[in-house]
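To start, the structure itself, in structure tokens.
The values are calculated or read from the model by the stated rules, or taken from the named source; none is laboratory data. Computed from a predicted structure; not experimentally measured. Please note: Cβ atoms are built from the backbone with ideal geometry, for glycine as well, and neighbour counts cover all protein chains shown.
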Ligand code: FRU
């Protein structure tokens, strides 16, 4: 593991080099597994794209294992891309996209690229078996471009389903549903393009249940930016479904549910993308995201100088409340609390600030680097200098603010407003992570913990 002043203490980070999406997150045989998109060769992502692997027994401490899936076949020669795990049959089965770039003068959108679905079984959760090729572009409808990727697999009734993100040949983003009786032979179940303009591509789809309600998640690329919504280069969020995506809802009904009006962004900060969910043995639905965005337009020069870039967000438990999903760190994080504090200390901390239902106030300030405030029911996160390395300002609509939980891990900040109603994730590079001054004059109480 690398060292450096901005390295994290309790977030999943690459041992060295580059990390992007979480993959195959699951609980299997007594352990939690988080795989991830990993390029160990360089902090800027050039080189082979593999799956790295972390395991945990307690959801609080994660240990790096190795890179169990690498680019060693003709089906995934140019990248072991994102995917998920299915664990229903006593084996951890990883499903992922094998990326292939054929040499030649191609646009690599409609020609020249292969996006295959492969499966690898981990019988003991650690050691991969043989790769099996399940699907190639020939198995997808002919109106699709080469971009069909990021499988999510689940069981419903007696059948198995796989949801993929896709881009049509005319550059419209959509979702592709495949069906199988045995998780080996897959056939087309549904090709679905939302009526609203979600842009040219949907990446990293998810399909999950929280508190008995059904949701579909995805990451649209090419949406129109608004002043309080869709402020990042690419977005990531979810829609609640009344029917189900498997077959009972008509395209028309589905388009009412999967619409821009109903689409809720997971996170309003600068650094959040490609999340996925999994279920704990006690039934909690957990979200983990990549604390980064592709092609973001702002940088992470301070960590690149240390030989690494990007990390995961905290693991967040989801609760369905007031028509949306609330997110709070899993309670297991509390086992890493060390010393009770009333001001930040030691570069890794978890502070809670309470307010009197304010809707027009500065909420907190860190050094003279960044301000978090609310005005006319609108939250605002603003960097005042280059400690955001190019990050400027982000907004979100909000109800009056009662509570903020602020978690800092040396260069990553997660802000949970009103018990997880709204969340902002951002990289933040203070000059000295061990000496960050938190000013919150409008808070009526302020207390927290250092984290080890
Ligand atoms: C999302 C993504 C996925 C793809 C992976 C490649 O960030 O573009 O769609 O599978 O990254 O690393």
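Some points to look at:
- Residues (in a loop (DSSP other than H, G, I, E, B), within 13 Å of the ligand (Cβ to nearest atom) and over 21 Å from the mean Cα position of the chain (by Cα)) located in the range 65-107: 71, 76, 78
- Pick from the range 40-64, criterion within 12 Å of the ligand (Cβ to nearest atom) and crowded, with 23+ Cβ neighbours inside 10 Å, ranking: farthest from residue 11 (Cα to Cα): 50
- Filter result for residue 281 (surrounded by fewer than 24 Cβ atoms within 10 Å (Cβ to Cβ), within 16 Å of the ligand (Cβ to nearest atom) and in contact (Cβ under 8 Å) with a residue 40 or more places away in the chain): no
- Of the residues screened, residue 292 is not one that is within 30 Å of residue 388 (Cα to Cα), surrounded by 22 or more Cβ atoms within 10 Å (Cβ to Cβ), at pLDDT 95 or above and away from the ligand (no atom under 16 Å from the Cβ).
- Any hit, the range 19-27, residues being in contact (Cβ under 8 Å) with a residue 24 or more places away in the chain and in a loop (DSSP other than H, G, I, E, B): no
- Restricting 246, 258 to those that are more than 16 Å from the ligand (Cβ to nearest atom) and crowded, with 23+ Cβ neighbours inside 10 Å reduces the list to 258.
- The residue of the range 333-356 that is farthest from the chain's Cα centre (by Cα), among those that are surrounded by fewer than 19 Cβ atoms within 10 Å (Cβ to Cβ) and within 25 Å of residue 3 (Cα to Cα), is 339.
- Filter result for residue 126 (away from the ligand (no atom under 16 Å from the Cβ), in a loop (DSSP other than H, G, I, E, B) and in contact with a strand residue (DSSP E or B) (Cβ under 8 Å, 6 or more places away or on another chain)): yes
- Some residue of the range 259-273 being closer than 19 Å to residue 325 by Cα and in contact with a helix residue (DSSP H, G or I) (Cβ under 6 Å, 6 or more places away or on another chain): no
- Per-region count, the range 134-168, residues within 22 Å of residue 21 (Cβ to Cβ), more than 14 Å from the ligand (Cβ to nearest atom) and either assigned to a strand (DSSP E or B) or in contact with a helix residue (DSSP H, G or I) (Cβ under 8 Å, 6 or more places away or on another chain) (or both): 7
- Flag: residue 177 does not match the condition of being under 26 Å from residue 286 (Cα atoms) and within 16 Å of the ligand (Cβ to nearest atom).
Results for (1) part of a strand (DSSP E or B); (2) out of contact with any strand residue (DSSP E or B) (no Cβ under 7 Å at 6 or more places or on another chain), shown as yes or no for each residue.
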residue: 355; (1), (2): yes, no
residue: 365; (1), (2): yes, no
residue: 371; (1), (2): yes, no
residue: 374; (1), (2): yes, no
residue: 381; (1), (2): yes, no
residue: 391; (1), (2): no, no
residue: 395; (1), (2): yes, no
residue: 399; (1), (2): no, yes
residue: 402; (1), (2): yes, no
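- Residues that are closer than 26 Å to residue 170 by Cα and within 15 Å of the ligand (Cβ to nearest atom) number at least 3 in the following strands (runs of 3 or more DSSP E) confined to the range 180-231: 201-210, 213-221.
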